[in-house]
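The structure that follows is given in the form of structure tokens.
The values are calculated or read from the model by the stated rules, or taken from the named source; none is laboratory data. It should be emphasised that the depicted structure is a prediction, and the values quoted were computed from it without experimental measurement. A quick note on method: Cβ atoms are made from the backbone with ideal geometry, for glycine too, and the neighbour counts reach across all protein chains shown.
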Amino acid sequence: MTRQEISNEVWAVMEPLMPTVTGRSRPWTDHRLAVEGMAWKYRTGAPWRDVPERFGKWNSIYKRFNRWAEDGTWENLLTEVQEQADAAGKIDWVVSIDSTIARVHQHGASLARDTGGSAESQESMVRAA
């Protein structure tokens, strides 16, 4: 198995979640090759046109990726894989809360600021300061 290939273990989880052809349209070619092509594209950062031919035609892979993005296939796949991994105890959920506070500079608190009042009252505040 090379870096481009999806392991048999991972594919065994993904394959049942892949969409099937409905209606009278032509059947898709191998989903696994197409998904490997998509993974190659995002791993390398290359444009779709540069996806190697061994994964299939680049435009077919691109259309399938977009179709699955539009019909929710990717969201369903992620949800199902997370649920399976969580049920098997493979995910250690961690909750983190960030309470970062940005303090004002010591002289920044006394600066005149727009309070939403009339222009005359704002001018008098500036003169008084």
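Select from the stretch 72-93 the residues that are surrounded by 12 or more Cβ atoms within 10 Å (Cβ to Cβ) and acidic (Asp, Glu) and write down the one among them that is nearest to LEU33 (Cα to Cα).
Looking only at the stretch 72-93, we keep the residues that are surrounded by 12 or more Cβ atoms within 10 Å (Cβ to Cβ), and these are 73-74, 76-77, 79-82, 84-86, 91.
Right, trim to acidic (Asp, Glu) and you get 80, 86.
On the way: GLU80: 21, ASP86: 27 Å.
The residue in question is GLU80.
Residue-by-condition table, conditions (1) surrounded by 11 or more Cβ atoms within 10 Å (Cβ to Cβ); (2) free of Cβ contacts under 8 Å to residues at least 60 places away in the same chain; (3) closer than 22 Å to GLU5 by Cβ; (4) of a type outside the set (Phe, Trp, Tyr):
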site: TRP48; (1), (2), (3), (4): yes, yes, yes, no
site: VAL51; (1), (2), (3), (4): yes, yes, yes, yes
site: GLU70; (1), (2), (3), (4): no, yes, no, yes
site: VAL95; (1), (2), (3), (4): no, yes, no, yes
site: ASP98; (1), (2), (3), (4): no, yes, no, yes
site: VAL104; (1), (2), (3), (4): no, yes, no, yes
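Condition first: loosely packed, with under 11 Cβ neighbours inside 10 Å and under 22 Å from GLU5 (Cβ atoms). Now tell me which residues in the stretch 19-42 satisfy that.
Once the filter is applied, which keeps residues that are loosely packed, with under 11 Cβ neighbours inside 10 Å and under 22 Å from GLU5 (Cβ atoms), the stretch 19-42 yields ASP30, TYR42.
Anything in the stretch 84-129 that is of a type in the set (S, T, N, Q), part of a helix (DSSP H, G or I) and at pLDDT 80 or above? List them, or say none.
GLN84
For residues that are charged (D, E, K, R) and in contact (Cβ under 8 Å) with a residue 60 or more places away in the chain, tally how many sit in the stretch 72-88.
1
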